[in-house]
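The block underneath contains the structure these notes are about, expressed in structure tokens.
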Amino acid sequence: MNSEHKSRVPKELSEIPVLVAMGSAPQVFGMSRSYIYELAAQGKISLKKMGRYTMVVTESMLAYINALPNMTPVTRKKKPSA
């Protein structure tokens, strides 16, 4: 992979570009490439072709992520000490 295509994970949400190349998308969004394609096939996110590159539409990915249910932590009982 040459240096011009070296991926970096944005530190802030405002640093994420409008389109993210599929090569960088797993690092940026924290999910596998195959899962991203699965979401697109289900119509849950949008992908665009830009020349030979497949790009993830950031707005659609953020909408999908924001629609996910919140996780509620479960407190576990401590095991009794021996």
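The values are calculated or read from the model by the stated rules, or taken from the named source; none is laboratory data. Because the structure is predicted, anything quoted here is derived from the model rather than measured. So basically every Cβ, Gly included, is an ideal-geometry build from the backbone, and we count neighbours across all protein chains shown. Side chains included, ligands, DNA and RNA excluded: accessible areas come from the protein's heavy atoms. Shrake-Rupley method; radii C 1.70, N 1.55, O 1.52, S 1.80 Å.
The length gained by stretching the chain between Ser81 and Asn66 to full extension, at 0.36 nm per residue less their Cα-Cα distance, is 1.3 nm. Calculate, in whole percent, how much of the Cα-Cα pair population of the chain lies beyond 22 Å. Here the long-distance tail beyond 22 Å is 36 percent of all Cα pairs in the chain. A simple charge model with +1 on the Cβ of Lys and Arg, -1 on the Cβ of Asp and Glu and nothing else charged puts the dipole of the chain at about 500 debye relative to its Cα centre. Per residue, the accessible area of the chain comes to 83 Å², computed with a 1.4 Å probe over protein heavy atoms only.
The fraction of accessible area contributed by carbon and sulfur in the chain is 54 percent, rounded to a whole number (1.4 Å probe; ligands and nucleic acids excluded). Helix 58-67: angle to the longest alpha-carbon principal axis of the chain, degrees 0 to 90, nearest 10? Taking the Cα atoms of the chain, the angle to 58-67 is about 20 degrees. Pairs of lysine residues in the chain that meet both criteria, 8 or more places apart or on different chains and Cα atoms under 28 Å apart, total 6. Each Cα pair under 8 Å and six or more residues apart adds its separation to the average, and for the chain the resulting relative contact order is 25 percent. Taking Cβ atoms as reference points and 13 Å as the exclusive limit, the residues near Thr54 contribute a net charge of +4, counting Lys and Arg as +1 and Asp and Glu as -1. Qualifying trypsin sites (Lys or Arg not before Pro) in the stretch 22-56, where qualification requires a DSSP coil assignment and no more than 12 other C-beta atoms within 10 Å, comprise Arg52.
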